Amino acid sequence: MKEVGILTHSFVDAYNGNMDNIYGGGLERYLYELCGMITELGYSPQVHQLSYCGDFEKDIGPVQVYGYDCQQSSPVQVFNQMTKAAKGPLIYSSFIWEPIEYKPGSLGICHGINWDYHASSAAHKAEVGRNIQHALQHLKKIVSVDSHFLTFCRASCTFADPNQVVLLPNAVDTAWFTPGARWRGLEKGDDRIRILFPRRISLERGIIPMMLIAGRLLEEDHSICIEFAGEVIDHNLITKVFRQWMESSPHRERILHRSYTFDEMKEAYQQADIAVIPTIFSEGTSYSCLEAMSCGLPVVAGNIGGLNDLILDGYNGLLVSPTEEDLYRAVHTLVKHSELRHYLGANARAVSRAFDIGIWREKWKETLRSYLEQEG
């Protein structure tokens, strides 16, 4: 069976040494779905990824995974190493913003801009623009998961074919992520307001402002409980800060933290009343946002990246600047107004159907067929 190589910075959990498990993030879920489609088309997917636990080889179902130690080399050097080692047509699934030595004519994916932190230097942003131009000159096509990257390319780069960058937003399985008993008013005897942070515990995902508003909300309203549903990287500074905050909080009995598998994640949404996506930079069309919407939750989201493609402020959620004060006011409003929660949640469920995974799969299969047949 002919191989297809996927080059990425993360797939199995080579952060914490759990190579038997796929890391619980949006990128990893995306690649899992992509590998399934590649298999359906009669090819063998091989994932080449960075590793913080030494070199390794691992089979995850039909997917062969190769880890390349990056502790002594830069990620760009390791990506170039992976390019030489990978077989068959290649798909570059991250690091599009770095000066990679691409195999010409390959396919790229941009999972969201990660250089959009407002305080980053102008020099850094200009360098990224040059690297994106380099990618456009060497890659046959780049699939963008949000309009943010497409607009960046059109505004900052030059390319002859307007279809070289394809907009294909992330998707959600609306038949799996469905409203639960709380949404339908069938869960009786529970007057608590459950607020969900369905993100990795990381700086860019807004964990700092989330902890700040959580402390205020828990202090002023004892009917509130807050769940942090996301992966951590052990020994990371942010992880240490988060765990210390939880342990020292006077309201720790109303703070939960759990890492869910892909299949379990809908439980977290179905038990919640409000979802908070307080991203401060580096966001595509967030899986967490789409899944929360599909489960009928009102979403408070930062106005960052692809979240602007998903949330219509005041219709299916509240879209705010991801500062402590703005996030607090939005969540506080939803806590106090149940009718607004229900209105936004019902509209969120309706909007999510436009992002159903069946639509995404058909469009991706068309792109893959075209690319793989030409390569063949």
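The values are calculated or read from the model by the stated rules, or taken from the named source; none is laboratory data. Bear in mind that the values here come from a model prediction, so they are computed numbers and not experimental data. Note: ideal-geometry Cβ built from the backbone for every residue, glycine included; neighbour counts use all protein chains shown. The area values use the complete protein model at the heavy-atom level, side chains included, leaving out ligands, DNA and RNA. Shrake-Rupley method; radii C 1.70, N 1.55, O 1.52, S 1.80 Å.
The set of residues from the stretch 40-53 being outside any strand (DSSP E or B) and surrounded by 12 or more Cβ atoms within 10 Å (Cβ to Cβ) comprises LEU41, TYR43, TYR52, CYS53.
Filter the stretch 130-182 down to the residues that are closer than 23 Å to TYR371 by Cβ and among the charged types (D, E, K, R) and list them by number. Within the stretch 130-182, LYS140, LYS141, ASP146, ARG154, ASP161 qualify.
Quick check: anything in the stretch 306-320 touching a Phe, Trp or Tyr at 6+ places or on another chain (Cβ under 8 Å), not in a loop (DSSP other than H, G, I, E, B) and not polar (S, T, N, Q)? Yes, because at least one residue in the stretch 306-320 is touching a Phe, Trp or Tyr at 6+ places or on another chain (Cβ under 8 Å), not in a loop (DSSP other than H, G, I, E, B) and not polar (S, T, N, Q). Tallying residues that are among the charged types (D, E, K, R) and either under 18 Å from the mean Cα position of the chain (by Cα) or not in a helix (DSSP H, G or I) (or both) within the stretch 230-268 yields 6.
The set of residues from the stretch 1-39 being among the charged types (D, E, K, R), assigned to a strand (DSSP E or B) and surrounded by fewer than 18 Cβ atoms within 10 Å (Cβ to Cβ) comprises GLU3, ASP20. Given the criteria under 30 Å from GLY108 (Cβ atoms), free of Cβ contacts under 8 Å to residues at least 12 places away in the same chain and open to solvent by 30 Å² or more (accessible area, probe 1.4 Å), does SER370 qualify? Spelling it out, SER370 is indeed under 30 Å from GLY108 (Cβ atoms), free of Cβ contacts under 8 Å to residues at least 12 places away in the same chain and open to solvent by 30 Å² or more (accessible area, probe 1.4 Å).
Screening PRO62, PRO104, PRO89 for residues that are crowded, with 22+ Cβ neighbours inside 10 Å, farther than 26 Å from SER286 by Cα and not assigned by TED's automatic domain parsing to the domain that holds GLY206 leaves exactly one candidate, PRO89. Taking the stated definitions as given, is ALA275 at pLDDT 95 or above and outside any strand (DSSP E or B)? The answer is no for ALA275. For the stretch 65-86, a residue qualifies if it is in contact (Cβ under 8 Å) with a residue 12 or more places away in the chain, surrounded by fewer than 17 Cβ atoms within 10 Å (Cβ to Cβ) and part of a loop (DSSP other than H, G, I, E, B), and exactly one does: GLN71. The sole residue among GLU227, GLU220 that is among the acidic types (Asp, Glu), more than 19 Å from ASN18 (Cα to Cα) and out of contact with any strand residue (DSSP E or B) (no Cβ under 9 Å at 6 or more places or on another chain) is GLU220. What are the residues in the stretch 307-339 that are within 23 Å of the chain's Cα centre (by Cα), closer than 19 Å to GLU291 by Cβ and crowded, with 18+ Cβ neighbours inside 10 Å, if any? Answer for the stretch 307-339, where residues must be within 23 Å of the chain's Cα centre (by Cα), closer than 19 Å to GLU291 by Cβ and crowded, with 18+ Cβ neighbours inside 10 Å: LEU307, ASN308, ASP309, LEU310, ILE311, ASN316, GLY317, LEU318, LEU319, VAL331. Restricting SER294, SER282 to residues that are open to solvent by less than 10 Å² (accessible area, probe 1.4 Å) and either modelled with pLDDT of 95 or more or within 23 Å of ILE208 (Cβ to Cβ) (or both) narrows the list to SER294. Applying the condition of being among the small types (Gly, Ala, Ser) and farther than 22 Å from TRP364 by Cα to the stretch 128-161 and asking which residue is surrounded by the most Cβ atoms within 10 Å (Cβ to Cβ) yields GLY129.
Residues that are free of Cβ contacts under 8 Å to residues at least 12 places away in the same chain and under 21 Å from the mean Cα position of the chain (by Cα) within the stretch 121-169 comprise just one, THR151. Residue under question is LEU290, and the condition is that it be in contact with a strand residue (DSSP E or B) (Cβ under 8 Å, 6 or more places away or on another chain), over 24 Å from GLY25 (Cβ atoms) and in the same structural domain as ILE226 (by TED's automatic domain parsing); does it hold? The answer is no for LEU290.
Does GLU227 qualify as being more than 20 Å from TYR117 (Cα to Cα) and part of a strand (DSSP E or B)? Here the answer is yes, as GLU227 does meet what is asked.
Test VAL241 against the criterion of being of a type in the set (Val, Ile, Thr) and buried (at least 20 other Cβ atoms within 10 Å of the Cβ), and give yes or no. No; evaluated as a whole, the condition is false for this residue.
Identify, please: which residue in the stretch 234-256 is in contact (Cβ under 8 Å) with a residue 40 or more places away in the chain and in contact with a strand residue (DSSP E or B) (Cβ under 9 Å, 6 or more places away or on another chain) and is, among those, nearest to LEU297 (Cα to Cα)? Ranking the candidates gives ILE255 first.
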